[in-house]
Amino acid sequence: MHSSNSNRYALAIHTASPDLGLAISNFAGDSRSQAWALGREVSSYLHLYLSKFIQPQTWADLEFIAVAKGPGGFTGTRLGVVTARTLAQQLDLPLFAISTLAAVAWATVAVRSEPELDIAVQMPAQRGEVHAAIYRIHLTDSEHQDTITALLPDAVVSQEQWQQMLADWQRPYRLVQAEGGLGATAESLLTLAYLEWQAGSRPHWSTALPFYGQSPV
């Protein structure tokens, strides 16, 4: 998809937190996103909201799909990934499985005043542990060439381990707490998938797997 082909769109699905987030864009000026606080009702209403949200576009207008792969709630994360895999398989489209924490990191960079940032993201996990990651975001004059790099990939660590990692970090960083309302980062999911698309990546739907970080108790 290039901005010159404004009839082709991409769709993002985020169900890894208690709300549903959807985003669609042709990356040529026509974008929209929305989040709904559905809680445990996501599984009942996902397909209904999806079919309404995509209009006036149709499934045939899609060039690729992005989905939040987690970490996040077990049931919600699995639902989103399975739905996205099914759509990508039926439509024969590439499917980008994007880290929930990466989307949160990207969403925090609202202004482009700092060309390079280290974003430390933490999310409550079970047993008092945290899902944690550190991403370096490099912004350029062209949004199509921005990059995000996982310096500390998504992992589950104890509070003590995480505090030690941050204490040992050699560069300035911004700490972000990710909890609740993450459906609003669907737009960031879409952007991160688009950066990979621009770089030539075309992942097969079968490679999209949920990342739970740990088994549910």
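The values are calculated or read from the model by the stated rules, or taken from the named source; none is laboratory data. Being a predicted model, the structure only gives us computed values, none of them experimental. Quick reminder, even Gly has a Cβ in these numbers, built from the backbone with ideal geometry, and neighbours come from all protein chains shown.
Figures for the structure shown
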{"quantity": "Those residues of the range 71-96 which are farther than 20 Å from residue 45 by Cα, hydrophobic (A, V, I, L, M, F, W, C) and surrounded by 18 or more Cβ atoms within 10 Å (Cβ to Cβ), in sequence order", "calculated": "93, 95, 96"}
{"quantity": "Scope the range 63-86; condition among the polar types (S, T, N, Q) and either under 15 Å from the mean Cα position of the chain (by Cα) or modelled with pLDDT of 95 or more (or both); matching residues", "calculated": "77, 83, 86"}
{"quantity": "Total residues in the range 14-46, condition modelled with pLDDT under 95 and in contact with a strand residue (DSSP E or B) (Cβ under 6 Å, 6 or more places away or on another chain)", "calculated": "4"}
{"quantity": "Filter pass, residue 173 being farther than 27 Å from residue 24 by Cβ and among the hydroxyl-bearing types (Ser, Thr, Tyr)", "calculated": "yes"}
{"quantity": "Check on residue 27, under 20 Å from residue 99 (Cα atoms) and within 18 Å of the chain's Cα centre (by Cα)", "calculated": "no"}
{"quantity": "Number of the condition not met by residue 166 [criteria: (1) among the hydrophobic types (A, V, I, L, M, F, W, C); (2) free of Cβ contacts under 8 Å to residues at least 40 places away in the same chain; (3) more than 23 Å from residue 13 (Cα to Cα)]", "calculated": "(2)"}
{"quantity": "Residue within the range 29-37 that is part of a strand (DSSP E or B), farther than 21 Å from residue 91 by Cβ and of a type in the set (Gly, Ala, Ser) present", "calculated": "yes"}
{"quantity": "Subset of the range 140-169 (residues that are buried (at least 18 other Cβ atoms within 10 Å of the Cβ), touching a Leu at 6+ places or on another chain (Cβ under 8 Å) and outside any strand (DSSP E or B))", "calculated": "146"}
{"quantity": "In the range 47-99, the residues that are touching a His at 6+ places or on another chain (Cβ under 8 Å) and in a helix (DSSP H, G or I)", "calculated": "80, 83"}
{"quantity": "Per-region count, the range 170-192, residues surrounded by 16 or more Cβ atoms within 10 Å (Cβ to Cβ), in contact with a Ser or Thr (Cβ under 9 Å, 6 or more places away or on another chain) and not in a helix (DSSP H, G or I)", "calculated": "2"}
